[in-house]
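Report on one structure; see the data block that follows.
We did not get these values from a lab; they are worked out from the coordinates using the rules stated. All values derive from a computational prediction rather than experimental measurement. Because the Cβ atoms are built from the backbone with ideal geometry, glycine has one as well, and the counts that use them run over all protein chains shown.
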Amino acid sequence: MRTLSEIRSHLASVTGETQINDLIGEFINLTLLEINDPAWATKGYRHLWTFNRRKHSFATVASTEFYQLPRDVDIVTIVRQTSSPFKLSQVPDELFYDYIPNPTETGNPLFYRFWEQEGLEVRLSTDDTLKVSSSSASDSSAIKVILSGYDTSGIKRSEELSLNGTTAVDGTITWDAGRSMRISKSDDTAGLITVAEKTSSTTLLVMGEHERSPRFKVIGLYPIPSSAITIYLEYYTSIRRLEHDSQVPDINDKWLWVVKLGALTKIYQHQEPDSQRVITTQELYRRGVESMVKSDLLQPDYIPHLRTHRRRHTGVFEIGDNNWSLGF
């Protein structure tokens, strides 16, 4: 695998650009974002990369309808529970309220729906002001943390707090505990940023050094769980940004040439926006992404069903059926 530093150095050498390392790094990360959602290269078909598949499980709480998903969730594909067992079906709100006569019914969940996106890992327990601090003394007042939400009068407000290293900085706005919030910061930090309630000191959010504004998807389950059961989740995450020189892309090394072509196109656009080589390199890049999609779709060991080769056996047989193997 090639690191960010190696990819950047190679591109700088090819293009003769040795003074724009930071810009080349941004071009590489922009290319990774484009590859993450390759519909632009595949005539509108959105492909989900197999290397981005993840699994997660969480326990329900009796009489609790809504649950927050991990921060790296991009697309949810399967939600299931084994207590019944059952694969939950996603239902849009308009159908949910049209066809579900009693939305407060309890039992084992059969359906789920996306509810909202939260900016906090934990909601405020009560209306309160917030405080922020860093795990590193190096994070000074040059870095701002912005709190956005609704105050107790229902007015949409924003508050900017300047970091003071590991010393907590108190806000002055009392936030409505019943409303969602957004937290962001002005730059990368040396340490982890903690946002907490002022009165109880309950931690509401911890932001990584390179996170600017985390988002958490929330789903609602129906029927509302009547007991503690385990929900299993399968989802797709996103390709990560490269933040450090020693980091390597999530993409397999055999497709590194596609990443380089994408970044190369952007460097050429920076040098000569209307040149023919921009058009040529962009088309090569698009075809490279298209090839990645086709390769990722290939599953040589995938057998959707087993069918007999004997004439007297027709149709599809279950693996547990003693007759299925007679044709082999």
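Some values worked out for this structure:
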item	result
Debye intensity ratio I(q)/I(0), log10, the chain, q values 0.11, 0.12 Å⁻¹ (C-alpha model)	-0.98, -1.09
Partners for residue 217 among lysines (Cα-Cα distance below 23 Å; same-chain residues under 8 apart left out)	55, 87, 156, 185
Computed E for residue 275/residue 170 - FRET, C-beta separation, R0 56 angstrom, nearest 0.05	0.55
MRE, 222 nm, helices only [DSSP H, n ≥ 4, -39500 (n - 2.57), over the chain, to nearest 500]	-7000 deg cm²/dmol
Proximal lysines to residue 294, defined as alpha-carbon separation beneath 16 angstrom and excluding residues fewer than eight positions away on the same chain	43, 254
Net +/- balance of residues flanking residue 265 in space, Cβ distance below 14 Å, scoring K and R +1, D and E -1	-1
Normalised contact order of the range 102-240, rounded percent, pairs of Cα under 8 Å and 6 or more residues apart	37 percent
Under 13 Å from the Cα of residue 260 - aspartates and glutamates, other chains or at least 8 residues apart	6, 26, 34
Under 15 Å, Cβ to Cβ, from residue 232 - net charge with Lys/Arg +1 and Asp/Glu -1	+4
Cβ charges +1 (Lys, Arg) and -1 (Asp, Glu), total dipole of the range 118-236, debye	240 debye
Options 58, 23, 12, ranked by Cα towards positive dipole end of the range 1-81, top entry (Cβ charges)	58
Charge context of residue 179, other residues only, Cβ under 14 angstrom, K/R +1, D/E -1	-2
Residues 122, 79, 61, 145 arranged by fewest to most Cβ contacts within 10 Å	61, 122, 79, 145
Of 20, 143, 35, the one that fluctuates the most in a GNM where the chain has Cα springs shorter than 10 Å	20
